[in-house]
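Report on the structure given below.
The values are calculated or read from the model by the stated rules, or taken from the named source; none is laboratory data. Remember, predicted model here, so these are calculated numbers, not experimental data. Neighbour counts are summed over all protein chains in view; Cβ atoms, including those assigned to glycine, are modelled from backbone coordinates with ideal geometry.
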Amino acid sequence: MARTFDDLVAEADAAPMDGWDFSWLDGRATEQRPSWGYQRLLGGRLAGAAAALDIQTGGGEVLAGAGPLPPLTVATESWPPNVAKATRLLHPLGAVVVADPDEPPLPFADEAFDLVSSRHPATVHWTEIARVLRPGGSYVAQHVGHSSVFELVEFFLGPLPEAVRRGRHPDGERAAAEAAGLSVADLRFERLRVEFHDIGAVVWFLRKVIWMVPGFTVDAYRDRLRDLHSLITSQGPFVAHSSRTLFDLRKPA
């Protein structure tokens, strides 16, 4: 028997939100992955680094799975549940986790690292990244790109201004990085298919990725959630498109 709207929503609304693990969505939502394989690419860079910094590490899952870490590895994170999770995961691997508010300045000396990385940072402070990199060092990151999953966002918020839709556009991020003194070795952008198979997956996703629909709660959007549940039930998975940008930047030697 198909599960009801109320059952699906209640389950997703009660699910824990710690860490940056999306396995709760297995079988309920799918997302195409970028062709470049960020974790594998990061592992290759870590292998050649002496001192590495991972910014906004989440629960540390991506860094921990990238392979052996350099002799000096530091990760920053702002959300207390993620700080605790990342500490449990990364300390045994030799990495130090630093609680940081994700606001400049980074709590490190100038030219402290030869590799800085980040996967899906919520904020990017280019001048700070450039400051903590050693000459010849690299910033390797995968950013969420412009208008990512906006089919879903605009279902709840309505049409958004073009300026909002172009936020995080790779052209703008390239310009900001270059203005901070970083040069572009590689920059790639891809749009990727996302499918939500039930309304519980939508609720969980919007609770997890809190900047998609700011202030999202089930109570505030229950009517719109019910509309979307009816749409999925009658027409099949709700399709959206995420966007991802790969950055491989260098600080001139």
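Overview of values
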{"quantity": "Count - residues of the stretch 86-110 that are touching a helix residue (DSSP H, G or I) at 6+ places or on another chain (Cβ under 7 Å) and surrounded by fewer than 16 Cβ atoms within 10 Å (Cβ to Cβ)", "calculated": "5"}
{"quantity": "Out of 52, 29, 47, sole residue that is in contact with a Pro (Cβ under 9 Å, 6 or more places away or on another chain) and closer than 23 Å to residue 205 by Cβ", "calculated": "29"}
{"quantity": "All positions within the stretch 86-131 that are closer than 14 Å to residue 50 by Cα and not in a strand (DSSP E or B)", "calculated": "94, 111, 112"}
{"quantity": "Tabulated pairs, the stretch 44-65, first without any contact (Cβ under 8 Å) to a residue 24 or more places away in the chain, second assigned to a loop (DSSP other than H, G, I, E, B) and not polar (S, T, N, Q), C-beta under 7 angstrom, 6+ apart or interchain", "calculated": "47/67; 47/68"}
{"quantity": "Test: residue in the stretch 140-161 that is of a type outside the set (Val, Ile, Thr), touching an Asp or Glu at 6+ places or on another chain (Cβ under 8 Å) and more than 24 Å from residue 206 (Cα to Cα)", "calculated": "no"}
{"quantity": "Residues of the stretch 196-211 classified as out of contact with any Asp or Glu (no Cβ under 8 Å at 6 or more places or on another chain) and modelled with pLDDT of 95 or more, total", "calculated": "9"}
{"quantity": "Candidate set from the stretch 55-85 (those that are buried (at least 16 other Cβ atoms within 10 Å of the Cβ) and part of a helix (DSSP H, G or I)); member that is farthest from the chain's Cα centre (by Cα)", "calculated": "84"}
